[in-house]
Each structure stands twice: as C-alpha cells, then as structure tokens.
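One structure is given here, and the rest of the page talks about it.
Just so it is clear, none of the values below were taken in a lab; they were calculated from the coordinates. Everything numeric here is computed off the predicted structure, so don't read it as measured data. Positions of Cβ are generated from backbone atoms using ideal geometry, with glycine treated the same way; all protein chains shown enter the neighbour counts.
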Amino acid sequence: MKKAILSTLLGTGLLAALALPAHAADPDYKIVGYTISWGAYGRAYMPEDVDPHKLTHINFAFANIENGKVVVGDGNVDTSGKNNFRQLRSLKKKNPKLKTLISVGGWTWSKHFSDVALTAESRKKFADSAVEFIRDYQFDGVDIDWEFPVTGGNAGNIERPEDKQNYTLLMTALREALDKAGVADKRSYLLTTAIGPGERWIKNTEMGKVAKVVDFMNLMAYDYNGGWNKFSGHLAPLYNDPAYTREGALPSNNISTVVDMLIKEGVPSDKIVLGIPFYGYSWKGCKPEKNGEYQDCAGKGRGSWEDGNLDYSHIEKKLVNQDGFTRYWNDVSKVPYLFNPKNGEFVSYEDKQSLAIKLDYLKAKKLGGAMIWELSGDRKETLLNQIGTALLPAAK
C-alpha cells in the first residue's frame, strides 16, 4: 500500500512539488538549470560557480550509455580531478532542498537509446543501472535526454520506428525502478525528460502516456533555427511569424504552437517546464534586406567557444548596439535580433524583453516553470536573476 501511494504521488508530480522549499521557490514553479561537464575545461565554469539558492533543480549534462548501462560521461572531471559530482554534493549542503539530477544522453550520447529501450530485459538493465548510478553518486533523480526517438538525431544514432512506443516503455521501466528504490531508501526519486521543440517530436512519441510516469518534462524550446540553416532565423520564437516563408519553415515551429500540441496530447500544463536559451546563434554574410532577417547567409558567424554559437554574456557585453551591430525587435514572434550591415552578421538570441514576455506566457498557460540551457552562458546572471524575480516568491 505504501508503494502504491508513493507511486501515485510521484506520478502526479505531487511529491516533487512538496519537496520544494518555501524559502527558495514557490511550489507552483520550478527553475531547472543545466550545468555541463565540459565547463571544467576551457570555459572555467563548474557546479561550484552556481548559486544553489537561485534554482530548484540542477540537471548535470551528461552521463553516457555503455553496454546498455548508465555510465559516467567524463571520469577525468566528473568523478576525479575537479570532480563535478563532489561539487554538486557541496551545493546541496548550501541548499539542502536543492534537487540534482543526472541527465543521460544529449545530442552526442543518444546513439544507444533505441537499443536500451528495445526489450523488457534491456529496459530493466538500463533502469537498474540508473538507480545504481544515482545511489552511488548521490543524485535525486534521472533526466532522460534522448535526441531523438525514431529520427532526427546525430549521425550514427541507432533509430527504429518502434522507438515511439519503446520510449514510453523505457520511461515506465525507469519509473518503476525509481519507485522501488524510493521505497527501499525511504525517499522519493525524480524522473524527468528533455523533449524536442517541434511537431516531429510529438508525432514520434506518446507524450500523453509519458506524462503519467514523469514528474515533469523540460521542453527544449529553442533551436528552431541555427547554423544548419543557410539563411538567418530566430532561435526561440514564441509565436509564428507569417513573414517567415523560407523552405522548410513550418507554421508549427514556434513555442506557443508546440505547447498547445503537447497539452492536446494529454500533457498537463504544469508538467511542461519551458526551456530558455542562455545563448544565441550567429550567421555571417547575410543579405541586408529586412536588416538581415530571414535572408540568405554565407555560414556561421562569430562565436564565444565555437563559430556560430554565442553566450548571452558575450552578446550582452560586446554586441548589443556595439561593434557595428544594431538591435531590432520582431513584434510578431516576440524576439530580439542584431544585425551588422558591414559584414552581414545576424544574431538571434534571448534578452530581458523577450524573456519577460515568455515568463508572462508561462504563467498565463500555467506551465510548470523554466528550464535553462545552460548556466555558463549567463555569467552575470542577468537572465537567471530575472527568472528568479518572476518565479520565486519574495523573501519574507
């Protein structure tokens, strides 16, 4: 009976909500921040640099999959050396109510998800290894970042049509294993998943069923356009812009349409946590019409760590109305952009104005909170503080 009650509470997300501290977060909203393993290298940004009082959950990216099991992604920095996992545990000492989850997969390490989801035996093996992993390294739960079931992931990924159903079965197996472990350990373990931002994801999954077994889902509400396009576009448009008529541009490629699709699929709105990008994309050599918006370009522009990809801190400090760039605003999609007519450089990004509108939208739609990819992109915490002001209760 206790197990049944625990399973029910976990399935509804009730325990996850009750676990949030009154002094740190309104139970109605989650603030989920991804921190990255590779930040320990050249980026010099690690878990110890995170303010644990400004988040309700931290997802650590990423663990890998080997021989059907969850394994440490980079032992040189995750479990030794700078030891990311030890730093995460230290954050929980500063804020004991903070929840940490291990994110499995991501763009680079989703190759074997189709295999681990394929049979009852492979699903159980994977789920049991996930339980062992979070027990060993003292995480509060598991976040599955399968990019992507059925089709659309990194080159070389194993993909099957039956991934659609097997994704549901894998998440169910994880829920059962975590519930069982929770009963044994006299605590609750969280299960979340990162989900794709478009119509293809919804067609290739059973989100109404998945919603019943996860505590919440992190909608990757960005990457609607990027350096893979030969033309400029917006990273994270809230609404469809009818003026965006380039080849492959779908009216559904925007946040509000996808959120409505998820809700129509049977996903409770409060289980949808809205992704916010702490980065931007750049193109170079874009034609000058419409200040570079939706124009043919000559490839990726400048970047903070790699061509075409800019941290918000870089944009904020060096580019907005500086260095030949002028800031513009698309009032249909509710997004900013920069254009430099001298070199045809176009930058799409999130800023305080667009974020304020998204946070209002989040509240109006009764979504579960905000998710951040990823924390190192906002060194001054400009956007993070804005999220906290909007979603955390005022200090008493």
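Report relative contact order for the chain in percent, whole number only (criteria: Cα-Cα under 8 Å, sequence separation at least 6).
Once divided by the residue count of the chain, the mean separation gives 17 percent.
Please state the relative contact order of region 278-396 as a whole percent: Cα pairs under 8 Å, 6+ residues apart? Can you show the working numbers first?
Values: 190 pairs, mean separation 32.8, N = 119.
For region 278-396, the relative contact order is 28 percent.
Can you give me the angle between helix 120-137 and the longest principal axis of the chain, using Cα atoms only, in degrees from 0 to 90, rounded to the nearest 10?
Relative to the chain, helix 120-137 is tipped by roughly 90 degrees.
Can you compute the modelled spin-label distance between residue 49 and residue 120, with each label point 7 Å from Cα toward Cβ, in nm?
So the label points at residue 49 and residue 120 sit 4.8 nm apart.
So which trypsin sites (Lys or Arg not before Pro) in region 149-258 are both in a DSSP loop and have at most 11 other Cβ atoms within 10 Å of their Cβ? Can you show the working numbers first?
On the way: sites: 164, 175, 180, 186, 187, 200, 203, 209, 212, 230, 246; in loops: 186, 187, 212, 230, 246.
Hits after loop and neighbour filter: 186.
Using only alpha carbon pairs under 8 Å that are at least six residues apart, calculate the relative contact order of region 126-183 and give it in whole percent.
Working: 29 pairs, mean separation 23.0, N = 58.
Averaging sequence separation for qualifying contacts and normalising by length gives 40 percent for region 126-183.
Would you mind getting me the FRET efficiency between residue 38 and residue 382? Use the beta-carbon distance for r and R0 = 22 Å, nearest 0.05.
Working: r = 23 Å, r/R0 = 1.03.
With a Förster radius of 22 Å, E is 0.45.
Using the structure shown, list the pairs from 164/352; 125/209; 93/164; 124/363; 93/358 with a Cα-Cα distance above 30 Å, or answer none.
Values: 164/352 37 Å; 125/209 22 Å; 93/164 40 Å; 124/363 38 Å; 93/358 32 Å.
From 164/352; 125/209; 93/164; 124/363; 93/358, over 30 Å: 164/352; 93/164; 124/363; 93/358.
So if each residue of separation counts as 0.36 nm, and I subtract the Cα-Cα distance between residue 357 and residue 186, what length gain in nm does that give? Please report the intermediate quantities before stating the final value.
On the way: separation 171, 0.36 × 171 = 61.56 nm, distance 4.10 nm.
Extra length available between residue 357 and residue 186 comes to 57.5 nm.
Roughly speaking, what is the centre-to-centre gap between region 320-346 and region 223-290 when only Cα atoms are used, to the nearest Å?
Between the Cα centre of region 320-346 and that of region 223-290, the gap is 17 Å.
If the limit is 32 Å between Cα atoms, which of 92/264; 186/264; 203/380; 69/212 go over it? Write out the running numbers ahead of the final one.
Details: 92/264 37 Å; 186/264 36 Å; 203/380 39 Å; 69/212 24 Å.
The answer is 92/264; 186/264; 203/380.
I'd like the distance between the alpha-carbon centres of region 350-394 and region 154-189, rounded to an integer number of Å.
That distance is 29 Å.
Rank-order 123-132, 81-90 by packing density, defined as the average count of other C-beta atoms within 10 Å over each peptide's residues, highest first. Don't jump to the answer; show the numbers that get you there.
Working: 123-132: 20.3, 81-90: 18.0.
Ranking the peptides 123-132, 81-90 by packing returns 123-132, 81-90.
Pairing the Cα long axis of helix 163-185 with the longest principal axis of the chain, what angle in degrees results, from 0 to 90 and rounded to the nearest 10?
50 degrees
With r as the distance between the Cβ atoms of residue 67 and residue 90 and R0 = 25 Å, compute the FRET efficiency 1/(1 + (r/R0)^6) and round to 0.05. Kindly include the intermediate steps, with their values, before the conclusion.
Numbers: r = 31 Å, r/R0 = 1.23.
For R0 = 25 Å, the calculated efficiency reads 0.20.
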